[in-house]
Amino acid sequence: MAAKTNGYYDDLVESYLFAEVARRASKYEAEHPDVKMIRMGIGDVTRPLPPVVTEAMKDASDEMGRAETFRGYGPYEGYDFLREAVQRYYKGFGVDMELSAIFISDGAKSDLGNFLDIFAQDNTVLVPDPVYPVYVDTNIMAGRRILYAMSSEENGFLPMPEDIVSEEGKAEIPDIIYLCSPNNPTGAVYTREQLKTWIDYANANGSIILFDAAYECFVTGDLPHSIFEVEGARTCAVEFCSFSKKAGFTGTRCGYTVIPEDLVRDGKKIRDLWLRRQSTKYNGVPYIVQRGAEAVFTEEGEKQIAWNIDYYKENAKIIADTLDRLGIYYTGGKNSPYIWLRCPDITKCADYDEVIAGTPSAADPDAPLSWKFFDYLLQKAAVVGTPGAGFGTSGEAFLRLTAFSTKENTQEAMERLTKMLGTE
Ligand SMILES: *Cc1c(COP(=O)(O)O)cnc(C)c1O
C-alpha cells in the first residue's frame, strides 16, 4: 500500500482571484511601459515597523546573544509580559479578560486554520459571503460542510442569522460560525446590537463563533473592537487578532487568540483543548518578536502606530469622499482600510468595447460585471482593484479598493476614476 493523500484537497478551488488579478495587471504593465499603473488591490501594509518595535527587537536580539540573558524555548501560551500587555489593552475596551484566556501566536491566519484541529469533522460551518478565503479553504481541507450567510446592499454587507442559506428550505443551524468585523473585503463593521443577536443565537444553539478582529485597530466611535465587549460572548466566542495590520507585522509575524475560561463544550474547556493542541504541535513565537509586539502597547508605540493607521485612514477617506461625490454605493472606508464599491455599469459606455479590446472581458461577454469593471478600470485608468466576484457569490458587481497605497497614488487613482466616469 502506498501513502494516500488527503482527498479533500481535490475539492479546493484553485486560488484564482489574486493570481488572475496579478496576471492581468502584469500584462497591462508590459504592454504600457510608459503608463504609471496604480495598485489599489494590495492587501499588505506598506508603512514600515514603528521605531519602538525595531528598537525593542534589537535589544532582545542582544539579550539572546549573552549567556546571562539567553532564552531557549518559551511558554506555549506566549510570554507573560506580552499576554499582560494584551490584557491591559482589553481593559481599555472595558473587557476584563483572565490571563489564561490569552494565547500569543504567529498570526491570525495560522490560528484560524489550526483552531479547527479541536473540532469534530462532522461540524457544520457558517461562513459569511463574501469572505476572506481562508475560512472556506481550511474547512474544505477537513471535509466539513459549509453553509453561507449571504450579504448585499440590503443588509449593508453585514449578514445576520436570518441570512443563512438553507437547503430545501429547512432551517439549518451551524456549529461553527465565522464573523469578521471590520470585514475583509467589505469594510463593514457590526454594531453591538448586531453582535448581541449573533451571540444569543450561538448561545441558544451551542454554536461557537470564531471572531476575526484583525482590523479592530481601525474602529472608531462606539463600534465594538472586540466581541467580548458584548454580553454573553464569553460562553460562545473565540477572538483572533493580529499585529499585522495594526503595526506592520505582516512579515514579522505575531498575533493573539482569546479563549475565555467560560467557553465549554462537551464538558471540556475550549482553552484547555487549545493549549493541549498548541503544546503538541507548536513551540511559540520568537522571544525577539514578542518583545517587538510588547512595544506596540507602550505609550510611544501607541503614538507611532496611530500615525500609520491615520495615514491609511486618510487614504480611505480620499476614496470614500470620491465615491460620495460620484454617487456610488460603498461600504467600509471609515473604520476599515477597505472600500467595497458597487461597480457602475461601464458596459453602457460608448467606448466600452474599444477600451476592453484584447482583455479577457472582451472574449467573454458573460463575464461577471466585477471583472468587466476591473478590466475597464485597468485599461482606461491604469488602476488595479480586486473584483468582488472572487470573494464569493454575493461579491458580484462589487470591487474592493484598499487604503494601503501611498497618499499620492490614492489621490491620483481617484482623479483617474473621476475622469473615467466622465463627471469632470
Ligand atoms: C490580514 C488578515 C488576517 C491576519 O493575518 P496574519 O496571519 O495575522 O498576518 C486575518 N484575517 C483577515 C480577515 C485578514 O485580512
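A few remarks follow.
- Among the residues making up segment 71-92, those that are open to solvent by less than 30 Å² (accessible area, probe 1.4 Å) and away from the ligand (no atom under 16 Å from the Cβ) are Gly74, Tyr79, Arg83, Ala85, Tyr90.
- Near pairs, Cβ below 8 angstrom, 6+ apart or cross-chain, from segment 104-120 (in the same structural domain as Leu210 (by TED's automatic domain parsing) and under 22 Å from Glu84 (Cα atoms)) to any residue that is outside any helix (DSSP H, G or I) and more than 12 Å from the ligand (Cβ to nearest atom): Ile104/Glu77; Ile104/Gly78; Ile104/Tyr79; Ile104/Gly284; Ser105/Gly78; Asp111/Phe103
- Pro159 being assigned by TED's automatic domain parsing to the domain that holds Gly251, surrounded by 21 or more Cβ atoms within 10 Å (Cβ to Cβ) and out of contact with any Asp or Glu (no Cβ under 6 Å at 6 or more places or on another chain): yes
- Scanning segment 357-378 for residues that are farther than 22 Å from Ser26 by Cβ and surrounded by fewer than 18 Cβ atoms within 10 Å (Cβ to Cβ) turns up Pro365, Asp366.
- Residues in segment 110-135 that are farther than 20 Å from Ser166 by Cα and charged (D, E, K, R) were compared, and the one that is surrounded by the fewest Cβ atoms within 10 Å (Cβ to Cβ) is Asp117.
- Residue that is modelled with pLDDT under 95 and surrounded by fewer than 18 Cβ atoms within 10 Å (Cβ to Cβ), where the choices are Glu424, Glu354: Glu424
- Among the residues of segment 268-318, those that are in a loop (DSSP other than H, G, I, E, B) and open to solvent by less than 50 Å² (accessible area, probe 1.4 Å) comprise Tyr282, Gly284, Val285, Phe297.
- Unmet requirement for Ala397, which otherwise passes all of (1) within 13 Å of Pro185 (Cβ to Cβ); (2) small (Gly, Ala, Ser); (3) open to solvent by 10 Å² or more (accessible area, probe 1.4 Å): (1)
- Among residues of segment 137-152 being crowded, with 20+ Cβ neighbours inside 10 Å and touching a residue at least 40 places away in the same chain (Cβ under 8 Å), the one that is nearest to Gly332 (Cα to Cα) is Ser151.
- Odd one out for Gly251 among (1) over 22 Å from Phe93 (Cα atoms); (2) within 14 Å of the ligand (Cβ to nearest atom); (3) surrounded by 16 or more Cβ atoms within 10 Å (Cβ to Cβ): (3)
- Each residue in segment 93-107 was checked for being within 16 Å of the ligand (Cβ to nearest atom) and open to solvent by 10 Å² or more (accessible area, probe 1.4 Å), and 1 pass.
- In segment 179-186 there is no residue that is under 23 Å from Gly232 (Cα atoms), more than 16 Å from the ligand (Cβ to nearest atom) and in the same structural domain as Lys245 (by TED's automatic domain parsing).
- Index of the failed condition, Ile328 passing every other in (1) over 25 Å from Ala85 (Cα atoms); (2) in contact (Cβ under 8 Å) with a residue 24 or more places away in the chain; (3) open to solvent by 10 Å² or more (accessible area, probe 1.4 Å); (4) not in a helix (DSSP H, G or I): (2)
- Breaking point among (1) aliphatic (A, V, I, L, M); (2) at pLDDT 95 or above; (3) open to solvent by 60 Å² or more (accessible area, probe 1.4 Å), for Ala381: (3)
- Condition check for Ser181: open to solvent by less than 10 Å² (accessible area, probe 1.4 Å), of a type in the set (Gly, Ala, Ser) and over 23 Å from Glu153 (Cα atoms): no
- Selection over segment 166-208 of residues that are part of a helix (DSSP H, G or I) and either at pLDDT below 95 or on the phi > 0 side of the Ramachandran plot (or both) gives a count of 3.
- Filter result for Asp353 (among the acidic types (Asp, Glu) and assigned to a helix (DSSP H, G or I)): yes
- Taken as a whole, segment 153-164 holds at least one residue that is touching a residue at least 60 places away in the same chain (Cβ under 8 Å), more than 16 Å from the ligand (Cβ to nearest atom), of a type in the set (D, E, K, R) and part of a loop (DSSP other than H, G, I, E, B).
- Looking at Glu167, Glu216, just one residue is among the charged types (D, E, K, R) and out of contact with any strand residue (DSSP E or B) (no Cβ under 7 Å at 6 or more places or on another chain), and that residue is Glu167.
- In segment 277-290, the residues that are at negative phi reach residues that are of a type in the set (Lys, Arg) and open to solvent by 50 Å² or more (accessible area, probe 1.4 Å) with C-beta atoms within less than 8 angstrom, at least six apart or across chains, in these pairs: Val285/Arg253; Tyr287/Arg71; Val289/Arg253.
- Scan of segment 216-241 for residues that are within 11 Å of the ligand (Cβ to nearest atom) and either open to solvent by 10 Å² or more (accessible area, probe 1.4 Å) or not assigned by TED's automatic domain parsing to the domain that holds Phe103 (or both), ordered by number: none
The values are calculated or read from the model by the stated rules, or taken from the named source; none is laboratory data. Owing to the predicted nature of the structure, the values given are computational and were not obtained by experimental measurement. Note that we place each Cβ from the backbone using ideal geometry, even for glycine, and neighbour counts take in every protein chain shown. We work out accessible area using only protein heavy atoms, side chains counted, and drop any ligands, DNA or RNA first. Shrake-Rupley method; radii C 1.70, N 1.55, O 1.52, S 1.80 Å.
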